[in-house]
1. Counting only protein heavy atoms, what percent of the accessible surface of the stretch 76-115 is carbon or sulfur at a 1.4 Å probe?
2. Express in whole angstrom the spacing between the alpha-carbon centres of the stretch 174-205 and the stretch 59-131.
3. Per residue, how much accessible area does the stretch 58-205 show when a 1.4 Å probe rolls over the protein heavy atoms, in square angstrom?
4. I'd like the carbon and sulfur percentage of the solvent accessible area for the stretch 158-205, probe radius 1.4 Å, heavy atoms only, ligands and nucleic acids excluded.
5. Long-range amide H contacts for K199: which residues qualify at under 5 Å (H placed 1.01 Å from N, peptide plane, sequence gap of 5 or more or a different chain)?
6. Going by amide H atoms built from the backbone, whose H comes under 5 Å of the H on N111, apart from near neighbours?
7. Amide H of S43 versus every other amide H placed in the peptide plane: which residues, excluding those fewer than 5 positions away on the same chain, fall under 5 Å?
8. Strictly over 29 Å apart at the Cα level, which of K40/K199; K78/K142; K31/K155; K31/K81; K78/K177; K81/K199 would you flag in this model?
Amino acid sequence: MNNPWNKVIYRVWAPFYDYFFNSGPFLKARKKIFEDLDIKANSQILFVGVGTGADLQFIMGNDVSVTAIDLSPEMLDKAKKKYDVPNFKFMEMDAQDLTFSPESFDMVIANLILSVVPNPDQCFQGMLRVTRSGGHILIFDKFAPPSRELPAMKKILRPIVAMMGTDIGRHFEQIVKPYENHVQVEEDVPALLNGMYRKILLTKM
């Protein structure tokens, strides 16, 4: 997986993405992720890898300022057309190279991105850097089970699935370990497909 290839893949995905990942069980899971989320008025929120904007519907109506980034101009264009509102700003940007100042956001939302970027460690480090102390990072993504090796079949399928733009073998625990003294895990619960997808809520200390 690399950025040029991801751009190609998500150019192909863009017309169909919502049919697969913003409907049915995925839509229910996305909705549940946001149900109990405490979003303060006047918050500055960053969506990392906003895609077609599937999650933006769940914060519409809140008195917040939203910056939404994505590597794919085709995906970003679809999000822009859905949410042409003054408090939403859309930017083409690499999630591994966030150009914002340190501690710029009260909340960073990173749904289905850590399994997609070529370097999840660099992506997570950047998200942590731009989150204010006491701010939150919300993650909805697929991860391999903690402290367990991938089953043989997933090991075989992993490089094939990666060609489609996502990695099914990453461990969140490995990604967060270098920063465990800088974040507190507030919530880590199954969200979809028997826990393959998880909701993880972190607070930056």
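1. 46 percent
2. Cα centres, the stretch 174-205 to the stretch 59-131: 18 Å.
3. In whole numbers, the stretch 58-205 has 48 Å² accessible per residue.
4. Of the solvent-accessible surface of the stretch 158-205, carbon and sulfur hold 58 percent.
5. HN-HN under 5 Å from K199: V189, A191.
6. V48, F140
7. Hits under the 5 Å cutoff: S65.
8. K31/K155; K78/K177
The values are calculated or read from the model by the stated rules, or taken from the named source; none is laboratory data. Model, not experiment: these values are computed from the prediction. Cβ sites come from the backbone with ideal geometry, for glycine too, and all protein chains shown count toward neighbours. The area values use the complete protein model at the heavy-atom level, side chains included, leaving out ligands, DNA and RNA. Shrake-Rupley method; radii C 1.70, N 1.55, O 1.52, S 1.80 Å.
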